[in-house]
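Q: Pasting a structure here, questions to come.
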Amino acid sequence: MPTVILVRHGRSAANTSGTLAGRTPGVKLDETGVRQAEAVAQRLAGLPLAAIVTSPLERCKQTAAAIAKLHEGLRPATDRRLTECGYGDWTGKKIATLAKDPLWAVVQQHPSAVTFPGGESMRAMQQRAVDAVRAHDAALAKSHGPNALWVAVSHGDVIKAIVADALGQHLDTFQRIVVDTASTTIITYTTTRPFLVRLNDSGSELESLIPKPPAKGRTKKQSSDAVVGGR
């Protein structure tokens, strides 16, 4: 199956003010976030991207637009399944205030049990996000072949939940994963298992992701096997 490059949106004003933006409309990238989006776009510029899919929230759409600007002919598609977790009554509140709520400890230690008051459960967030990635992967495999590269622009908790699934870890472990603003996290899905290729990567080259053509006269068969001893 194709390789997805998960990009967290650039920094927003909510990130710096310590506010849980959630699905609040109109939250945009700040000046640093704009620069971060442009930087990650430059890192992705040399890749033959088959598609760019984004959360419908403005900060993700801005980041996706910066990436698309350097890929002529690609227009970002919106998928609501990649949107931020529905934090319900927590939306718009200060993180420092939320940290005093008894539910905060559950979010940290047992997120699979959490349904935000007036909002979404973290299990539902993970399920719809993983479903979205796998659905786009399958569609792009049919239209662009098994070596296709594509970008999904989303949010920190959403990407962490996708990573936990790819690692075969319980959702209750996902708070151990770090995903910074404008970072890239790369997962290749194969027939029997996903491979986490990179996590929270903000600086390394990405051209090595471009698939190499098979040797002349040979057909390269995709494998789901891990290499014993490492690649």
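Q: So what is the 222 nm mean residue ellipticity for the chain from helices alone, if each DSSP H run of at least 4 adds -39500 (n - 2.57) and you divide by all residues, rounding to the nearest 500 deg cm²/dmol?
A: Theoretical 222 nm ellipticity from helices: -10000 deg cm²/dmol.
Q: Also, quick follow-up: Quick one: grab Rg to one decimal and Dmax as a whole number for the range 1-74, Cα atoms only, in Å.
A: According to the Cα coordinates of the range 1-74, Rg and Dmax are 12.7, 40 Å.
Q: Could I ask something else about it? Over the alpha carbons of the chain, what is the largest minus smallest coordinate on each principal axis, giving the biggest first in Å?
A: 64, 36, 29 Å, listed from the longest principal axis down.
Q: Given THR32, GLY86, HIS144, which one lies farthest toward the positive end of the charge dipole of the chain, if we put +1 on the Cβ of every Lys and Arg and -1 on the Cβ of every Asp and Glu?
A: HIS144
Q: Which percentage, to the nearest 5, of the DSSP beta bridges contained in the range 3-204 is antiparallel?
A: On the way: 13 of 26 bridges.
In the range 3-204, DSSP labels about 50 percent of beta bridges as antiparallel.
Q: So, by mean Cβ neighbours within 10 angstrom, what's the order for 191-200, 140-149, 122-131 with the highest one leading? Could you put the intermediate results ahead of the total?
A: Values: 191-200: 14.4, 140-149: 16.7, 122-131: 18.8.
Descending mean neighbour count gives 122-131, 140-149, 191-200.
Q: Rounded to whole Å and sorted largest first, what semi-axes of the equivalent ellipsoid does the C-alpha gyration tensor of the range 94-192 yield via the square root of 5 times each eigenvalue?
A: 29, 13, 12
Q: Grab the beta carbon distance between VAL34 and ARG176, set R0 = 30 Å, and tell me the FRET efficiency rounded to 0.05. Intermediate values should be presented prior to the final figure.
A: Working: r = 30 Å, r/R0 = 1.00.
About 0.50, to the nearest 0.05.
Q: So which GluC sites (Glu not before Pro) in the range 1-108 pass both tests, a DSSP loop state and at most 16 other Cβ atoms within 10 Å of the Cβ?
A: GLU72
Q: A further question follows. Applying 1/(1 + (r/R0)^6) with R0 = 22 Å to the Cβ-Cβ distance of HIS110 and LEU167, what FRET efficiency is obtained, to the nearest 0.05?
A: For HIS110 and LEU167, the calculated efficiency is 0.75.
Rule-based calculations on the coordinates, nothing more; no lab input. What you are looking at is a predicted structure, and each value in this text was computed from that prediction instead of being measured. Note that we place each Cβ from the backbone using ideal geometry, even for glycine, and neighbour counts take in every protein chain shown.
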